[in-house]
């Protein structure tokens, strides 16, 4: 069951991830973040993703990242964050 | 830059490590985490992105060159401020000129002729140690390289040069981030300690250690278990040879050795001077501001600037001015003395000044000869300078070349200053650097001037290459009845006809004689009709020499033609060593052994076959038996291929039935094996297919009606056509089995082939247990090729499997028609005898080169199984495994 669905806009990745983190509180089911429009992420976005992963772990919520392009996926791989999320196209 | 407070907030990894507190570990982990994130983000950047960042960094380095130089001298108390400005500028501007057009992201090099593309993969996090001698220039250099290659760097400067390095890192970092570099791309370790360095050197997220510094640092880096670029100490020998331009040499040495007070590890340490110019050179040095020490002064100097216990230079002297060192030592020198020159009489611990001296003290040695000079240079090179740098001043190219040969140094600088020359791009075309790779001699992994390409993982994208192939056959083949008449067109003064007794007896030799060009002296050499022996070859070569033959006509079966091939080889190239030429090979096209190309005689070689099977008239193979050693020597080279083949069926009309069948099946086996060979091509396929068609149609007729001219003619052509196929595509496992079995049980080659053939078709048509690597084919095609043969023969079937089965059935039917024994058992070989022989047969078959082109790699157990199937015979040929059931 998808509890939260958010489109992540490349121009406000950090804000979108924070918003997603806040919505995790009290949700049941999956949270899906659509990264289809994100071509690149910067260090602050990586930190925001780390934080989201931490919150999701704490609240035992499954976060699914959708449409992550392979360049961004590689960043998440290099920062060892891929194991913290599920990925769908 | 990230502050330690921020880092501490993010990381909580309290590990206990000797010499490090939990807080310190958290700090170090934070630095690594920060760098790892920066490197990960950096991986998304394009070439344009990084180039946009690099240029302003370089400009910032140039703008701040003096500021950083001043900081470095103030802090380290080493070197010359003005020279450090130059170093900073070289590290920025010269390095930029080298890297600016270099591709370091994505595709960095395309090599279309090799179907190769090289692509860059960043390393990620680098841990970089920088030295006290060249602190800020090394930081500038490494920062520019790191950004150009999308890497993040954690710097650990020498503690006594920390402030100036931290400032250099700050300038580079702020400029880089301002122009788009990822946050945290450079960090500088605060108050670095040895335990810090040890921890980071072993950190799992550090990809590469780039250690520039003293031997201890370099050794620690290489001992860490991490990939490392460790570049450190040298001991540069200089040979000042008598032909050198002395004025230039002396100035260059002074420029180099006094540059930044001699702190560059590539600077000159001992100058070996030819006796003839020694006094002149020392006079020049003195004239230009050097002080030449007398014996007493030299003793004083060596006791002071070299540690008598370790034999290494005293740190307090490093980077100091010559006049200050002289004052400290107690020498009386002129004001502004640039350089202290100390004559030495040898190299080693008993000559303390022969080691590395990173200050303006230069040892000189008077050499009585070039040989002595080179020996002393080698001694200096081996006294701590292996792999680093060496210098030679000479106009004699031979001396320069010899110096380059005997000296082990990554950089051999010719007629220019050592230190600035080694830095590259100023006096020569070496790659500009501030890190000198010293190769294994210096305990390093490279002899290069370290550059951007050492900061990259270079990936090679290797596309499948369409390997070139060839189709080589005699350039003249005459065929059909009376083709022998074409002999007339080949002028010759002396022709030798090599033939067998039987063929001479039945008049074939006379037929050939009649058609040889008039006025030719013709001699007949009759040899036994058996696999040629060494003795026969020797006699043949003697005859060729005696008659000064310019033409050889081989008239006979495969054995006679093979003998003539080897005679020709030894006649034209008497030095040819047949054992050597028979060395094993995997691919004829890549064979190690080369056949002789220089020839003392030349003779045209015409082959006229008298059987329809071996195809030796067009093949590059010949087999020789050495009775003394009991060995067979198989020769294979296209130079053995006859020049002319005359395929005239009149010479096979009288072939007996048994020979007709044996040779006909040999021909079919050649064609079928060439057809499915891994070396098959469209050229060989067309020949193989046509030969198969001819055999199935005409062999039964030739067998049943030996006088049928058309059938004989077509079978004679089929043998030649099949041979053209297997000459270029080779044969397969059927031949390997038949060779082993035929030799062990004395069974004729064609007959042995026949016993194996249905089973080998079934074997190759099944899914292989082990595929053969084959760059020449796409996918596994043997079963489909057999299906194509079945179609060609009109055997019917809708699926590949059905067609293969029909081909096996048709082959078995043909063998029945020809009256072949259909199993090894039928030959009267008992099961017990065969059982005892099979292991050795399998071993011999596996050693046979014939199967190397087989589409399926035969395992030893499979060879055993094939032998047993051949023993059982009819009905045993079944396709195992999942051959495609689709229609083709």
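Structure notes:
- Annotation: of all residues in region B:124-164 being crowded, with 24+ Cβ neighbours inside 10 Å and within 14 Å of another protein chain (Cβ to nearest Cβ), the one that is farthest from residue B:432 (Cα to Cα) is B:125.
- Strands (runs of 3 or more DSSP E) contained entirely in region B:202-318, each with at least 2 residues that are modelled with pLDDT of 95 or more: B:208-212, B:236-240, B:268-274, B:290-292
- All told, residue B:707 falls short of being modelled with pLDDT of 95 or more and under 20 Å from residue B:757 (Cα atoms).
- One residue alone among B:583, B:607, B:622, B:661 is at pLDDT below 95 and surrounded by 14 or more Cβ atoms within 10 Å (Cβ to Cβ), and that residue is B:622.
- Filtered residues of region A:2-25 (kept if out of contact with any helix residue (DSSP H, G or I) (no Cβ under 8 Å at 6 or more places or on another chain) and either at positive phi or within 14 Å of another protein chain (Cβ to nearest Cβ) (or both)): A:10
Yes/no matrix, rows are residues, columns are (1) farther than 24 Å from residue B:454 by Cβ; (2) out of contact with any strand residue (DSSP E or B) (no Cβ under 8 Å at 6 or more places or on another chain); (3) modelled with pLDDT of 95 or more; (4) not in a helix (DSSP H, G or I):
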{"site": "B:44", "(1), (2), (3), (4)": "no, yes, yes, yes"}
{"site": "B:51", "(1), (2), (3), (4)": "no, yes, yes, no"}
{"site": "B:69", "(1), (2), (3), (4)": "yes, yes, yes, no"}
{"site": "B:85", "(1), (2), (3), (4)": "yes, yes, yes, no"}
{"site": "B:90", "(1), (2), (3), (4)": "no, yes, no, no"}
{"site": "B:96", "(1), (2), (3), (4)": "no, yes, yes, no"}
{"site": "B:102", "(1), (2), (3), (4)": "no, no, yes, yes"}
{"site": "B:107", "(1), (2), (3), (4)": "no, no, yes, yes"}
{"site": "B:127", "(1), (2), (3), (4)": "no, no, yes, yes"}
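- Here B:349, B:327 are screened, and the one residue that is under 48 Å from the mean Cα position of the chain (by Cα), surrounded by fewer than 21 Cβ atoms within 10 Å (Cβ to Cβ) and assigned by TED's automatic domain parsing to the domain that holds residue B:399 is B:349.
- The lone exception for residue B:177 - which of (1) out of contact with any helix residue (DSSP H, G or I) (no Cβ under 8 Å at 6 or more places or on another chain); (2) more than 14 Å from chain A (Cβ to nearest Cβ); (3) surrounded by fewer than 24 Cβ atoms within 10 Å (Cβ to Cβ) it fails: (2)
- For region B:370-381, the set of residues classified as touching a residue at least 24 places away in the same chain (Cβ under 8 Å) and surrounded by fewer than 24 Cβ atoms within 10 Å (Cβ to Cβ) consists of B:370, B:374, B:376, B:378, B:379, listed by residue number.
- For region B:556-675, the strands (runs of 3 or more DSSP E) that sit wholly inside it and include 3 or more residues that are over 25 Å from residue B:533 (Cβ atoms) are B:644-647.
- Members of region A:79-89 found to be within 14 Å of chain B (Cβ to nearest Cβ) and either surrounded by 18 or more Cβ atoms within 10 Å (Cβ to Cβ) or in contact with a helix residue (DSSP H, G or I) (Cβ under 7 Å, 6 or more places away or on another chain) (or both), listed by number: A:79, A:81, A:82
- One residue stands out among those in region A:61-78 that are in a loop (DSSP other than H, G, I, E, B) and at pLDDT 95 or above: the one that is farthest from the other protein chains (Cβ to nearest Cβ), which is A:67.
- Selected residue (only one of B:260, B:279, B:245 is more than 20 Å from residue B:380 (Cβ to Cβ) and either touching a helix residue (DSSP H, G or I) at 6+ places or on another chain (Cβ under 6 Å) or crowded, with 24+ Cβ neighbours inside 10 Å (or both)): B:260
This table checks each residue for (1) within 19 Å of residue B:132 (Cβ to Cβ); (2) surrounded by 17 or more Cβ atoms within 10 Å (Cβ to Cβ).
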| position | (1), (2) |
| --- | --- |
| B:196 | yes, yes |
| B:199 | no, yes |
| B:203 | no, yes |
| B:206 | no, yes |
| B:213 | yes, yes |
| B:216 | yes, no |
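- Selected residue (only one of B:569, B:578, B:635 is under 34 Å from the mean Cα position of the chain (by Cα) and closer than 24 Å to residue B:673 by Cβ): B:635
- The set of residues in region B:21-45 being over 10 Å from residue B:205 (Cβ atoms), within 11 Å of another protein chain (Cβ to nearest Cβ) and touching a helix residue (DSSP H, G or I) at 6+ places or on another chain (Cβ under 7 Å) consists of B:34, B:37, B:38, B:40, B:41, B:43, B:44.
- Qualifying residue in region B:49-58 (condition: buried (at least 19 other Cβ atoms within 10 Å of the Cβ), within 21 Å of residue B:157 (Cβ to Cβ) and away from chain A (no Cβ under 14 Å)): yes
- Boolean, residue A:33 is over 24 Å from residue B:34 (Cβ atoms), surrounded by 14 or more Cβ atoms within 10 Å (Cβ to Cβ), more than 11 Å from chain B (Cβ to nearest Cβ) and without any contact (Cβ under 8 Å) to a residue 40 or more places away in the chain: yes
- Within region B:180-200, the set of residues being out of contact with any strand residue (DSSP E or B) (no Cβ under 8 Å at 6 or more places or on another chain) and within 14 Å of chain A (Cβ to nearest Cβ) comprises B:180, B:181, B:183.
- Here residue A:54 fulfils each of the conditions (1) within 14 Å of chain B (Cβ to nearest Cβ); (2) under 24 Å from residue B:180 (Cα atoms) apart from (2).
- Boolean, residue A:41 is surrounded by 18 or more Cβ atoms within 10 Å (Cβ to Cβ), within 14 Å of chain B (Cβ to nearest Cβ), under 23 Å from residue B:184 (Cα atoms) and within 11 Å of the chain's Cα centre (by Cα): no
The values are calculated or read from the model by the stated rules, or taken from the named source; none is laboratory data. Predicted model, so just to flag it, every value in this text is computed and none were measured. Glycine gets a Cβ as well: all are built from the backbone with ideal geometry, and neighbour counts include every protein chain shown.
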